[in-house]
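Remarks on the structure that follows.
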Amino acid sequence: MFPSSILRFGSLPSAKVNIILLTVINSTFRKIFNTRSQEVVGICLEMFNCLPAEKAIAIRKRNFLNKFCVTNNELCNVFTDHAKKELATLLEDI
């Protein structure tokens with residue numbers, strides 16, 4: 001009935017996650033600390049307790065799915081079973 005891509009609640013391919021990580025987060029830290037060294041960026045990310053992009057996305061997705069599963073919206077209720085399966089898969093990966 002629906003394409004499978006519609007039913008995947010916010011899944012990002014690892015290539016897109018890597019692009020987010022490399023271009024946005026690392027570039028921002030490079031500009032803030034005026035460095036080109038990936039090692040310095042890594043140390044700064046660790047010192048400021050910044051989560052890796054994959055982990056941050058997984059946490060946001062988990063929070064969304066938890067709220068989605070308990071909503072009283074009729075349209076959301078149609079997809080609740082799929083959301084619960086997706087949430088179970090996500091919790092296994094974390």
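Quick one: in segment 22-63, which of the residues that are modelled with pLDDT of 90 or more, of a type in the set (S, T, N, Q) and not in a helix (DSSP H, G or I) is surrounded by the fewest Cβ atoms within 10 Å (Cβ to Cβ)?
ASN34
Considering only residues that are in a helix (DSSP H, G or I) and surrounded by 13 or more Cβ atoms within 10 Å (Cβ to Cβ), look in segment 1-21 and name the one that is modelled with the highest pLDDT.
Out of the qualifying residues, it is ILE19.
Pairs only if they're at least six apart or on different chains, beta carbon under 7 angstrom, first in segment 67-94 and more than 15 Å from ILE57 (Cα to Cα) and hydrophobic (A, V, I, L, M, F, W, C), second part of a loop (DSSP other than H, G, I, E, B) and at pLDDT below 85; list them, first residue then second.
Sorted first by the residue in segment 67-94, then by its partner, the pairs are ALA83/PHE9.
Consider segment 64-94. How many of its residues are in a helix (DSSP H, G or I), among the aromatic types (Phe, Trp, Tyr) and more than 13 Å from the chain's Cα centre (by Cα)?
So the answer is 1.
The values are calculated or read from the model by the stated rules, or taken from the named source; none is laboratory data. This one's a predicted model, so the numbers in the text were calculated from it and none came from an experiment. Ideal geometry is used to build each Cβ from the backbone, glycine not excepted, and the neighbour counts take in all protein chains shown.
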